[in-house]
1. Which peptide among 71-77, 31-37 comes first, and what is the full order, when sorted by highest mean count of other Cβ atoms within 10 Å?
2. Rank-order 40-47, 105-112, 22-29, 81-88 by packing density, defined as the average count of other C-beta atoms within 10 Å over each peptide's residues, highest first.
3. If you average the sequence gap of Cα pairs under 8 Å that are 6 or more apart and divide by the length of region 44-116, what percent do you get for the contact order?
4. Mind counting lysine pairs for me in region 44-116? Cα separation below 19 Å, and the two need to be 8 or more apart along the chain or on different chains.
5. Once you sort the root eigenvalues of the Cα gyration tensor of region 44-116 as a ≥ b ≥ c, which label holds: rounded (a/c under 1.5), prolate (a/b larger than b/c) or oblate (the other case)?
6. Tell me which residues come under 5 Å, amide H to amide H, from Lys96 once H is placed; ignore anything under 5 positions away on its chain.
7. Estimate the FRET efficiency between Thr28 and Thr70 by the formula 1/(1 + (r/R0)^6), using the beta-carbon distance for r and 30 Å for R0, to the nearest 0.05.
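Bear in mind that the values in this text are calculations on the coordinates, not laboratory data. Computed from a prediction, not measured in an experiment: that's the story for all the values here. Heads up, the Cβs are rebuilt from the backbone with ideal geometry, glycines too, and the neighbour counts pull from every protein chain shown.
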Amino acid sequence: MSLNLIYKSKTKEKTSREKEDNGRRRLTDSIQLLVYLATIQGSKGAKFYYSSISKLINSCAGITDKDDITKYQMSVKETLESAAIGQISKGIYMRKHYKDIYQDIKAKLNKLAEYI
């Protein structure tokens, strides 16, 4: 294999990874707002929203092993992350209780998972 092909392959891989990191960073920022809201509203376990929402997204995307993800699963995961970000933003804007926001996220992701 020529060096040019190897370089293109690595560049494509790096771009995909950067895209994944950017999406994940946006989701983390949104969850951080939800955690802050939950803490203000009296939640004792708000910090667990990071892992519970991540597990929900992976479950809905059909991901069981983070090291063995297909391109399709990655695409589905990005879609679900965007939906979760939207639900968090919408819930905060509508001044919903943090538990209602989480239930909305859960309902939206499960509904999307049915169609994907």
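1. Descending packing order for the listed peptides: 31-37, 71-77.
2. Most protected by this proxy first, the peptides run 81-88, 105-112, 22-29, 40-47.
3. The normalised contact order for region 44-116 reaches 33 percent.
4. Lysine pairs, 8 or more places apart or on different chains, close enough: 25.
5. Here region 44-116 falls in the prolate category.
6. Sorted by chain and number, the residues that satisfy this come to none at all.
7. With a Förster radius of 30 Å, E is 0.80.
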